[in-house]
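Taking it in order: structure first as structure tokens, then the write-up.
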Amino acid sequence: MRLALWFLGLFGVAVALALFASHNTATITVFWPPHRVDLSLNMVVLLLGLLFVLLHLALKALSALFDLPTQARSWRLRHQERMIYGALLDAIFHFVAGRYLRARKAALTLLEQEAALSQSGEDWPQATRLRVMAHLLAAESSQALQDHSARESHFQQAMQLSHLRHSGGIQEGLLLRAVRWSLQDSDAHAALRWLELLPSGVARRTVALRMRLKVARLAGKQALALETARLLAKHRAFSPDSAKGLIRSLAQDWLLNTFDVSQLEQVWAQLEAHEKSMPEVACAGAGRALRLGGSPGLAFDWLLPVWDHLVKAPQDFSSEQKTMLVRVMENAFSTSEGLVQSPWLARVERAREAYPGEVLFQYLAGVACFHAQLWGKAHQLLTQALPRLEDEGLQAKAWQILAELAQRLGDESQAAAAWREAAQLRLRRKG
């Protein structure tokens, strides 16, 4: 449509000019003594148009002539820029391909070309960023080649350039790379120092949190590692199952690395409620408290939420979790005879009655009755539970209790047979 309108307009102008020229009889007389020149108006208009075109072309030719040095300078600059970017691409491709010597050489070539361009008097905004990138690529290649002195040299030059006006705020990226290099060198203290230099906004990024988690675990700082894992889980850096498993593992490590009961209680107080309710974490804390000589009551208090959950919904627990909980409770029962007479014996009995098909509840009730000196009931429960127990450790413990019960009753032959079964099971587990 637009093209048709242009054609219509062009034809209209042509018709108007034709009508003007065909009916125009005006003349223009130019007196140049002693000469006189008579020209038609149409000719004068045509000559004026030609004169305007000639002047326009002459001016453009003069402008192009005087602009030749600028054009030549611009061409040289574009050529040098293409060479610099080509060297940058070569360095990147060689580094990705694992040719670290060639990558470092290409980065050094880039620096030489950029220095030559700067010495020629050219000033362009990307120069500083290119120099920083070249030094970073050279440092990365030196790190891969285990040339730490060259890496530090290029890194320091890149850090100095990152403070300049056109650096583009890449200092935080350099700090993150320094943390990663320290991790690769297993230097946790250096990595922590670099992490402390990160701005607060950068330190909360997922990539920084992931590296802080690795550094904390490498340095053995369980509190920092767990705090970082919580932040990563909050930022959804992991899937829900992976985040839960990571937090569970870190909480267990933190609890198991305590050296006395007071330190263990401080660590337990810093755990969140949902972490304390994890069966593995509660069992790790209670088991560690018993090994450090803590009160069995403290261990039972930590196990109570997990036990209540187990009694309400046994299907939420795996067989390994149930076995772990039973073992820790068994150790707590054996540590203090008085606590068996507490509400825990009633709790175990109610669980056994509520789930008669659950062999672990029956086994635990037998153990509790044994430590409560209810010999007959303990013998009956353990004898019924023993054929259905799947864990060899619990089987060995059941045979051991049955052996002790037989000795108390004076049945040495039955006690010897039970001790033999327990010994065979323990040897089988060690084998």
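Observations on the model:
- In Å², nearest 10: area of ILE92 left accessible to a 1.4 Å probe: 60 Å²
- A Förster radius of 51 Å, combined with the Cβ-Cβ distance separating SER74 from ARG36, puts the computed FRET efficiency at roughly 0.40.
- Solvent-accessible area, 1.4 Å probe, carbon plus sulfur percent, for the chain: 58 percent
- As a ratio to 2.2 N^0.38 Å, the alpha-carbon radius of gyration computed for the chain takes the value 1.99.
- Residue order by solvent-accessible surface for GLU172, GLU112, GLU390 is GLU390, GLU112, GLU172, largest first, with ligands and nucleic acids left out and a 1.4 Å probe.
- Mean separation of Cα contacts under 8 Å (6+ apart) over length of the chain, as relative contact order %: 5 percent
- Label separation (PHE11 vs GLU390): 9.3 nm, computed from points 7 Å beyond Cα along the C-beta direction.
- Degrees, to the nearest 10: 392-408 long Cα axis against longest axis of the chain: 20 degrees
- Toward the positive end of the charge dipole of the stretch 185-310, with +1 on the Cβ of Lys and Arg and -1 on the Cβ of Asp and Glu, the farthest Cα among GLY220, LEU250, THR206 is that of THR206.
- For the stretch 184-280, applying the loop criterion from DSSP together with a ceiling of 16 other beta carbons within 10 Å to the trypsin sites (Lys or Arg not before Pro) yields ARG204, ARG205, ARG236.
- The slack in the chain from ASP185 to THR25, taken as 0.36 nm per residue of separation less the alpha-carbon distance, amounts to 47.8 nm.
- Per residue, the chain exposes 58 Å² of solvent-accessible protein surface, assessed with a 1.4 angstrom probe and all protein chains in place.
- When HIS56, HIS148, HIS154, HIS163 are compared by accessible area of protein heavy atoms, the largest-first order is HIS163, HIS56, HIS148, HIS154, using a 1.4 Å probe.
- For the stretch 45-112, a crude dipole built from +1 on the beta carbon of Lys and Arg and -1 on the beta carbon of Asp and Glu, taken about the Cα centre, is about 320 debye to the nearest 20.
- Rounded to the nearest 20, the size of the Cβ-charge dipole of the chain about its Cα centre is 1020 debye, with Lys and Arg at +1 and Asp and Glu at -1.
- Estimated FRET transfer efficiency (ALA354, LEU292; beta-carbon r; R0 35 Å; 0.05): 0.55
- 19 Å cut-off, amide nitrogen to a point 7 angstrom out along SER277 Cα→Cβ, residues in the stretch 298-318: 300-318
- Once backbone amide H atoms are built at 1.01 Å from N, SER40 has ILE28 as its partners under 5 Å, excluding neighbours fewer than 5 places away on the same chain.
- Probe 1.4 Å - accessible area at ARG352, Å² to nearest ten: 50 Å²
- Per-residue 3J(HN,Hα) values for the stretch 306-317, derived from phi via the Karplus relation 6.51 cos²θ - 1.76 cosθ + 1.60 with θ = phi - 60°, read 5, 5, 4, 5, 5, 5, 6, 9, x, 5, 6, 10 Hz in sequence order (x marks Gly and Pro).
- Phi-derived couplings, Karplus 6.51 cos²θ - 1.76 cosθ + 1.60 at θ = phi - 60°, listed residue by residue for the stretch 235-241: 7, 6, 6, 10, 5, x, 5 Hz, with x used for Gly and Pro.
The values are calculated or read from the model by the stated rules, or taken from the named source; none is laboratory data. Quantities reported herein were computed from a predicted structural model and do not represent experimental measurements. Neighbour counts are summed over all protein chains in view; Cβ atoms, including those assigned to glycine, are modelled from backbone coordinates with ideal geometry. Quick note on the areas: whole protein, heavy atoms, side chains included, nothing else; ligands and nucleic acids left out. Shrake-Rupley method; radii C 1.70, N 1.55, O 1.52, S 1.80 Å.
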